[in-house]
Structures are given as structure tokens and as C-alpha cells.
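The values are calculated or read from the model by the stated rules, or taken from the named source; none is laboratory data. Treat the numbers as computed from the prediction; the structure is a model and nothing was measured. No Cβ is skipped: glycine too gets one built from the backbone with ideal geometry, and neighbour counts run over all protein chains shown.
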Amino acid sequence: MDFRTEVRTWLRSHLPDVPDPRTWERELGQAGWIGIGWPGDDGETYGNRRATLGEQVIWAEEYARSKAPARMGHIGENLLAPTLITYGTEEQKRRHLPPVARGEALWCQGYSEPGAGSDLAGIRTTATPDGTGAYAVTGQKIWTSLAQDADFCFVLARTDPRSTRHHGLSFLLLDMDQPGRIEVRPIRQLTGTSEFNEVFFDGARATETVGGEGNGWRVAMGLLALERGVSTLAQQIGFAEELDRVVAAAVASGAAEDPVIRARLVRQWAELDTMRRHALRTLGTTGDPGAPSVAKLLWGGWHQRLGELAVQVAGEAGAAGPEPWTARRPYELTPAQHLFLFSRADTIYGGSDEIQRNIIAERVLGLPREPR
Ligand SMILES: Cc1cc2nc3c(=O)[nH]c(=O)nc-3n(C[C@H](O)[C@H](O)[C@H](O)COP(=O)(O)OP(=O)(O)OC[C@H]3O[C@@H](n4cnc5c(N)ncnc54)[C@H](O)[C@@H]3O)c2cc1C
């Protein structure tokens, strides 16, 4: 059986009974579908399969095409794991990667703070050596996606109290199960649901750094390049599915006969094609300082415009909800409304559009640095 057939067969037989998101992660892990491309020593792998780049693309394509659920283990698999593979010690890779590959360990990302979002170097959370080789972490993080479910968190914190800006920061790993030392407060959104959180650390114990004490900025920036770039390839295929649905809705509602809507749909298609080529061209490349920012700028705006189109082509149904909103219950959204509202965040998370433009201006075009 070729690889694509194997993927399709597995997804087809498992998708009808997708359990809760956490169990789904374990099912994926048990079947060897997490960390499929991770390397290892002597033919071994820290994850599963040692799939080629082409096979990884096939898995991502088929997963998106099958309309399988969004992955709860995304942060561990696609952000933490490549970071550990690049900057971690052998011992750290052996300890942390297999539980992620089994779908057992869920991670969250503790970067942003009130006052340190775009300006990440303004981080004030501190990590003080506690005399046992570990650190006591104190401070507040915000917008921490999935922290309410995560088992572990990677945290950017200041280990040198006299340092400023991007100096003296460390990339720390900590266990989220520390009652009394870690408090997670979900942030209730306009929709009534809570995807992200405030996280308060009060002397939380972090046992290790990645990349060594004081090198956190380098590691954190390496991880952000992954968040903005290569890991978005699978997303493109999901985008193509979403665009297909918007086109079908436009045909069904008659909106496709409007020349302005037609032109906008065609533009979305052409831009998606460009994005896919950019993602493929830069797949696996490093050292191109503009590529991740270009990718982020392209897809963030594209997805927002698709969300706008999705509600527009639905006509009146795009504005009205199937359920009346009440203060007690989450707002019931149609898929088009969901796309519209949630895509507002696409130009913010992983670094806002303005920040991507600043990176391209300074590192690619050589324009003068922004005044501080
Ligand atoms: C859905 C979602 C999930 C997220 N998940 C996580 C997570 O899991 N972990 C985590 O750590 N963070 C997460 N974030 C936080 C995200 O990284 C920050 O929101 C983002 O970096 C922007 O920071 P901020 O919200 O503090 O806005 P600010 O930095 O206050 O920016 C406000 C506005 O000012 C603009 N601006 C700021 N500085 C400049 C400048 N120098 N030049 C021009 N314009 C500028 C920005 O572009 C923005 O429009 C998430 C955010 C969202 C929306």
C-alpha cells in the first residue's frame, strides 16, 4: 500500500468516531501519526516513522482534506518538538519527544505578557535559581492558548535580574501540575467560549532550560520562525477546503452571479496558489530572514478576507445566528460566522502584521531600524 492510501484508509476508518480531542491525540499517537518526520540517531527516531518530507506533506494534505478535527497537540508537535530537536540536549529530546509523539503530553506556549506582546523583549516574568539546580518562576503570562488543558509549558523568563530587553532571558520548561504555584484563568471571549488564558506563576518550579541560561531569546526566535513559516503548510490545504466551501455557498445563494463577488473569489484562489508555492519553495529552508514573515503576512490577511467573504456570500443568513444569544450560553455560530470571527485573530497571533513588516523592512530591505 502506498503512503497516501495508507493515510486515507486510516483516516477513513477512524474519523466517523472521533472521540474527545485529548483521546483523539492518543489515537493518533498510538497509530504513529505524530512526529512522523522527526529525526533520531542511527535510523532511530524520537517520534514515529521517519517519514520523508514528501510523506509529511501527504499526511498534512490528507488530514486537512479529511476535515479531521483541529489538533490539540499542535503546540507540542509543531513548535516545541522542532525547537528541542534544534536546541535541546540529547537527554531532553529523549525525555520530552516520545510522550508528545504518543499524544500523551500536551504543551502550551508562555511568551506573551501584559505589556510584552509585540515587544516580547519587555518580558518581566522572572526565573530565580532555587539552589537545587531548578528555577522559581514568578510572573504573569497572557493569551496562553490551551493552558487549561496543557500538561507542560515552555516559558520565556528573565533569569538575569539586572538584564534588559532580549539579554538575560531563558527558555524554560515546566510542569503545569503545580497547584498553588500556577493558576490558569480562562479568558472568556465574546463568543462565550475560552480558548486562551491568563497564567499566573508564583514560584513555579522549572527544572530545565533549553539552549542554556541566558540564551532564551535565540531559542524563542527560532521557535517563532517555525510558528510563522513551515508549520503553516498543512494550514494551506485546510484553507483550500474552506475556499471550496465558500465558493459552493456563493453558488448556492446566487452571490456568485455578482461580478464583484466573483472577482474576489478568483482573487482568493490566485492568492492561495501563490501562498502554497511560497510555502513549498521555502519548505525546510532556514536562513532566509524574510520567508517566515512573508508567509505570515500572506496567509493572515488572506484568511481574514475569506472570513469576510464567507458571511457576505451567505446573505442574510450570514448575519443572523441559528440561536439567540444569552448571557449563560456560548453563542452558537454558523461555520461562516465562526470563520469570520476567529480569523480576526490571524493578523495578531504569532506576531502581528505590523511586526512582520518591521522585520522585513529591517532585515530584508535594510531600512533604518525603528526608533525606540
Ligand atoms: C488567537 C491568539 C492566540 C494566542 N496564543 C498565544 C499563546 O499561546 N502564547 C503566547 O505567548 N501568546 C499568544 N498570543 C498572543 C500574541 O502573540 C500577541 O497577541 C501578539 O504578539 C500581539 O501582542 P499584544 O496582544 O500584546 O498587542 P500589542 O503588542 O500591544 O500591539 C497592539 C497593536 O500595536 C501594533 N504594534 C505594536 N508594536 C508595533 C510596532 N513596533 N510597530 C508598528 N505597530 C506596532 C500591533 O501590530 C497591534 O496592532 C495569542 C494571540 C491570539 C490572538
Within the range 59-71, identify whether any single residue is part of a loop (DSSP other than H, G, I, E, B), at pLDDT below 85, within 21 Å of M1 (Cβ to Cβ) and not aromatic (F, W, Y), and answer yes or no.
-> no
Determine, yes or no, whether E183 is within 11 Å of the ligand (Cβ to nearest atom), acidic (D, E) and either closer than 24 Å to Y349 by Cβ or in contact with a strand residue (DSSP E or B) (Cβ under 6 Å, 6 or more places away or on another chain) (or both).
-> no
Of R165, R188, R124, the only residue that is under 20 Å from G212 (Cβ atoms), within 15 Å of the ligand (Cβ to nearest atom) and either out of contact with any Cys (no Cβ under 7 Å at 6 or more places or on another chain) or of a type in the set (A, V, I, L, M, F, W, C) (or both) is R165
Assess whether D130 counts as being within 15 Å of P186 (Cα to Cα) and either more than 9 Å from the ligand (Cβ to nearest atom) or touching a helix residue (DSSP H, G or I) at 6+ places or on another chain (Cβ under 9 Å) (or both).
-> no
Which ones in the range 77-121 are more than 26 Å from W24 (Cβ to Cβ) and charged (D, E, K, R)?
-> E90, E91, E113, D119
In the range 151-161, how many residues are closer than 15 Å to R181 by Cβ and either within 12 Å of the ligand (Cβ to nearest atom) or buried (at least 24 other Cβ atoms within 10 Å of the Cβ) (or both)?
-> 3
Under the condition of being surrounded by fewer than 19 Cβ atoms within 10 Å (Cβ to Cβ) and of a type in the set (V, I, T), which residue from the range 15-44 is nearest to L106 (Cα to Cα)?
-> T23
Would you pick out the residues in the range 239-266 that are at pLDDT below 95 and crowded, with 19+ Cβ neighbours inside 10 Å?
-> F239, E242
Look through the range 14-53, keep the residues that are part of a loop (DSSP other than H, G, I, E, B) and among the charged types (D, E, K, R), and return whichever of them is nearest to the chain's Cα centre (by Cα).
-> D20
Can you pull out the residues in the range 87-121 that are closer than 15 Å to G351 by Cβ and either free of Cβ contacts under 8 Å to residues at least 24 places away in the same chain or away from the ligand (no atom under 16 Å from the Cβ) (or both)?
-> A116, D119
Identify, please: which residue in the range 211-231 is more than 16 Å from the ligand (Cβ to nearest atom), within 30 Å of Q56 (Cα to Cα) and not small (G, A, S) and is, among those, modelled with the highest pLDDT?
-> R218
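Yes/no per residue for (1) modelled with pLDDT under 85; (2) surrounded by fewer than 16 Cβ atoms within 10 Å (Cβ to Cβ); (3) assigned to a loop (DSSP other than H, G, I, E, B); (4) within 16 Å of the ligand (Cβ to nearest atom):
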residue: T286; (1), (2), (3), (4): yes, yes, yes, no
residue: P289; (1), (2), (3), (4): yes, yes, yes, no
residue: L309; (1), (2), (3), (4): no, no, no, no
residue: T326; (1), (2), (3), (4): yes, yes, yes, no
residue: Y331; (1), (2), (3), (4): yes, no, yes, no
residue: I355; (1), (2), (3), (4): no, no, no, yes
Taking the stated definitions as given, is L11 at pLDDT 95 or above, within 29 Å of M221 (Cα to Cα) and in a helix (DSSP H, G or I)?
-> no
What number of residues within the range 74-119 are among the β-branched types (V, I, T), closer than 18 Å to T144 by Cβ and surrounded by fewer than 19 Cβ atoms within 10 Å (Cβ to Cβ)?
-> 0
